[in-house]
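Take a look at the structure below.
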Amino acid sequence: MIKLAKIFQDGMTFQRNKPCKVWGTSSEEKTVTIYMNEKEVAERELPQGDFAFFLPPQEAAQNVTVRIGNDVVFRNVDFGEVWFAGGQSNMEFPMKYDSQFEEMKSSRPDEHLRYYEVAKYSFEGEEEEGLKSNQDWNCWRCLTPETIGSFSAVAAYFAMELRKHYNIPVAIVSCNWGGTSASAWISREMLEADEELAVYLREYEENLAHLDMETYCRINYAKRKGMGSPFAQMINDFMMKNTVTMEQVMQHVGKLAAGAGMEMQGGTAENSGMSQESFMVTGPHDENRPCGLYESMLSKAAGFTIRGVIWYQGESDDTHPEIYEKLFTRLVEQLRKDWAEELPVIYAQLAPFERWMQCRGDKFPELRKQQFNAWEHIDNVHMISTSDCGNRFDIHPKNKQPIGIRMALSARQHVYEEAVQGDAPVAVEMKVQDKQICIRFDNAVSLHLEGQELQELEIYTGEEKCEITGWSVNGDIVTVFIKEAIMSNEITAVFAQTPYYQVSLFNENGLPAFPFILQNPPASE
């Protein structure tokens with residue numbers, strides 16, 4: 001008897017043109033023959049117990065029947081492009097909250113755009129508690145008006161773009177959770193191997209040492225039970241669909257509670273799962289503990305053959321922004337180790353944002369710098385610009401279409417090797433002459449301003465801010481005109497270095513310039 005991992009099902013999609021890993025358990029040692037549409041393609045020796053083998057590479061195909069020995073038959077199987085979509089809430093963000101949802105919901109169903117969501121369990125044994133019963137988890141679904149609302153909006157837009165350009169099956173393996181640090185998605189071994197990154201483990205263990213475990217388990221259980229309630233879902237829907245203040249949320253909670261005949265306790269509805277106390281600690285049942293989601297989620301899908309990874313995360317690492325480049329580097333290493341392949345990783349730089357609820361964007365400039373450094377220093381990773389995609393007072397911008405499209409454009413350039421420009425403008429050089437400062441950009445074909453002003457740029461001589469009198473864009477050069485002749489040898493150009501900003505500088509594909517700081521002479525490494 002052969003039993004495969006949950007991800008192997010009818011209606012699934014395998015990665016085309018690669019040996020595809022299949023794993024599970026066998027009750028006995030045996031030889032199995034593998035058939036595609038009843039044509040024999042391979043034989044594999046299976047040991048008793050755990051096994052893994054690879055299907056031979058296949059060209060893109062639709063609705064294939066795959067048979068493995070006499071025990072396993074998969075029907076309606078596609079071979080196409082499979083991508084892993086990971087991160088926190090802006091990747092998790094469902095299409096039903098997106099500003100384009102009504103239009104997307106009315107689009108034509110596509111049985112060859114498929115989606116698999118890894119079950120959101122934060123610790124071993126949580127599934128058995130029965131508090132969560134999401135029928136969309138651990139199953140393959142096609143894009144239809146009924147299903148699209150629960151798809152990751154970023155991942156869905158990304159997949160639709162690939163479908164449009166290549167007309168072959170495309171699938172997403174979705175594995176993400178809002179509010180999570182990258183440290184939650186990395187193994188303990190990876191974090192322990194680096195003294196700086198081990199701070200995540202030390203802080204967690206110090207917190208555990210002061211936890212009353214009985215009280216913690218009671219509060220955590222109530223939180224998880226409450227968060228799964230219809231009442232909590234209505235509150236979440238209100239928060240995610242709209243840009244709202246905490247006061248507006250509490251007013252909405254009050255209306256919902258009154259309508260349901262519920263009493264308010266401490267500013268929240270009883271049994272809503274929204275009490276402040278329930279979110280104050282992190283313990284062994286919380287999704288954001290270091291290594292937790294690596295163990296309970298990512299490891300369940302790790303090794304399933306894919307083309308690459310799309311990632312949107314970083315907001316929750318503002319407690320240690322200065323080491324995010326190192327943390328993200330370890331995350332990439334983890335993914336590549338678990339997949340045994342130098343996977344391409346495409347990720348979003350954090351969008352402009354100032355404040356929302358209890359969240360603040362004060363550390364976002366440093367996080368963006370760390371993300372940019374990772375792009376420069378890690379091979380085969382590619383960062384997209386979100387400089388025009390932010391919401392000043394909402395950490396969840398409601399229009400995810402540009403993010404998905406730009407990730408697809410990056411993939412088209414760097415993974416599928418199309419002659420397209422998938423990277424945003426990057427400032428690389430600054431020259432100073434009298435009252436002019438010339439800044440040269442890479443990725444700058446058809447560099448232009450949208451609007452009449454060059455926004456978010458400041459020029460300093462030493463610590464003194466210069467008065468800008470005008471600017472021009474010519475080819476890949478932005479020339480900035482200064483009121484007074486520059487006499488200092490120390491010139492600094494600062495662009496979009498605030499938590500929230502609005503840029504007006506774009507290249508040919510409408511990609512907005514990345515934030516930057518340039519110095520003349522250049523700062524030593």
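Taking each DSSP H run with n ≥ 4 as -39500 (n - 2.57) and averaging over every residue of the chain yields -7500 deg cm²/dmol at 222 nm. Available extension along the chain between Lys255 and Arg108 is 49.2 nm, counting 0.36 nm per residue and deducting the alpha carbon span. Diffusion coefficient of segment 1-119 by Stokes-Einstein, Kirkwood radius over Cα pairs, 37 °C, 0.692 mPa s: 202 µm²/s. Converting phi to 3J(HN,Hα) with the Karplus coefficients 6.51, -1.76 and 1.60 and the offset θ = phi - 60°, segment 452-460 yields 9, 10, 8, 8, 6, 9, 10, 10, 10 Hz in sequence order, with x at every glycine or proline.
Semi-axes of the equivalent ellipsoid of segment 422-508 are 21, 14, 12 Å, computed as sqrt(5λ) over the eigenvalues of the C-alpha gyration tensor in descending order. How many percent of Cα pairs in segment 68-123 exceed 16 Å? Beyond 16 Å sits 66 percent of the P(r) for segment 68-123. Computed from Cα positions, the angle between helix 230-241 and the longest principal axis of the chain comes to roughly 30 degrees.
When the accessible area of the chain is computed with all protein chains present and a 1.4 Å probe, what percentage of it is carbon and sulfur? Don't jump to the answer; show the numbers that get you there.
Values: 10860 of 23570 Å².
The value for the chain is 46 percent carbon and sulfur by accessible area.
For Lys3, the lysines whose Cα comes closer than 26 Å to its Cα, not counting residues fewer than 8 places off in the same chain, are Lys18, Lys21, Lys30, Lys39, Lys120, Lys132, Lys300, Lys337. When both bridge partners sit in the chain, DSSP labels roughly 70% of those beta bridges antiparallel.
In loop segments of segment 1-61 as defined by DSSP, the GluC sites (Glu not before Pro) with at most 12 further C-beta atoms inside 10 Å of their C-beta are Glu28, Glu29, Glu38, Glu59. Proximity of backbone amide H atoms, modeled 1.01 Å from N, is registered between Tyr347 and Trp311, His382, Met383, Ile384 at under 5 Å, excluding neighbours fewer than 5 places apart on the same chain. Reported value for segment 136-182: 101 Å³ per residue, from the convex hull of its C-alpha atoms.
In order along segment 186-198, the Karplus-derived 3J(HN,Hα) couplings, from 6.51 cos²θ - 1.76 cosθ + 1.60 at θ = phi - 60°, round to 10, 5, 4, 4, 5, 5, 5, 6, 10, 4, 5, 6, 5 Hz, and Gly and Pro are given as x. Loop-located chymotrypsin sites (Phe, Trp or Tyr not before Pro) in segment 130-196 (DSSP state other than H, G, I, E, B) with a sparse environment of at most 14 neighbouring Cβ atoms within 10 Å are absent. When you filter the trypsin sites (Lys or Arg not before Pro) in segment 321-403 for DSSP loop state and at most 16 other Cβ atoms inside 10 Å of their Cβ, you are left with Arg392. Counted by Cβ distance under 14 Å from Tyr35, the other residues give a net charge of 0, where Lys and Arg count +1 and Asp and Glu count -1. Dipole check for the chain: with +1 at the C-beta of Lys and Arg, -1 at the C-beta of Asp and Glu, and the Cα centre as origin, the magnitude is about 1440 Debye. Counted residue by residue at 0.36 nm each, then reduced by the alpha carbon distance between them, the extension gain from Met1 to Asp71 reaches 24.6 nm.
I'd like to know how segment 406-467 sits against the 2.2 N^0.38 Å rule of thumb: what's its Cα Rg over that expected value? Walk me through the numbers before you get to the answer.
Values: Rg = 15.9 Å, N = 62, 2.2 N^0.38 = 10.6 Å.
In units of the 2.2 N^0.38 Å rule of thumb, it is 1.51.
Under a 5 Å amide H cut-off, with hydrogens placed 1.01 Å from N, Trp471 pairs with Phe481 among residues at least 5 apart or on other chains.
Between beta-carbons, use under 10 Å as the cut-off and find the net charge around Ile384, counting Lys and Arg +1, Asp and Glu -1. Can you show the working numbers first?
Values: positive: Arg406; negative: Asp423.
Result for the neighbourhood of Ile384: 0.
By the equivalent-ellipsoid construction on the alpha carbon gyration tensor, segment 60-177 comes out with semi-axes of 23, 22, 12 Å, ordered largest to smallest.
Accessible area per residue for the chain is 45 Å², calculated with a 1.4 Å probe on protein heavy atoms, without ligands, DNA or RNA.
Taking every alpha-carbon pair within the chain, the share separated by more than 36 Å comes to 38 percent.
The values are calculated or read from the model by the stated rules, or taken from the named source; none is laboratory data. Bear in mind the structure is a predicted one, so any value in this text is a computation, not a measurement. Counting neighbours? That spans all protein chains shown, and the Cβs are built from the backbone with ideal geometry, glycine included. The protein model used for the area step is the full one, side chains on, heavy atoms only, and it has no ligands, DNA or RNA in it. Shrake-Rupley method; radii C 1.70, N 1.55, O 1.52, S 1.80 Å.
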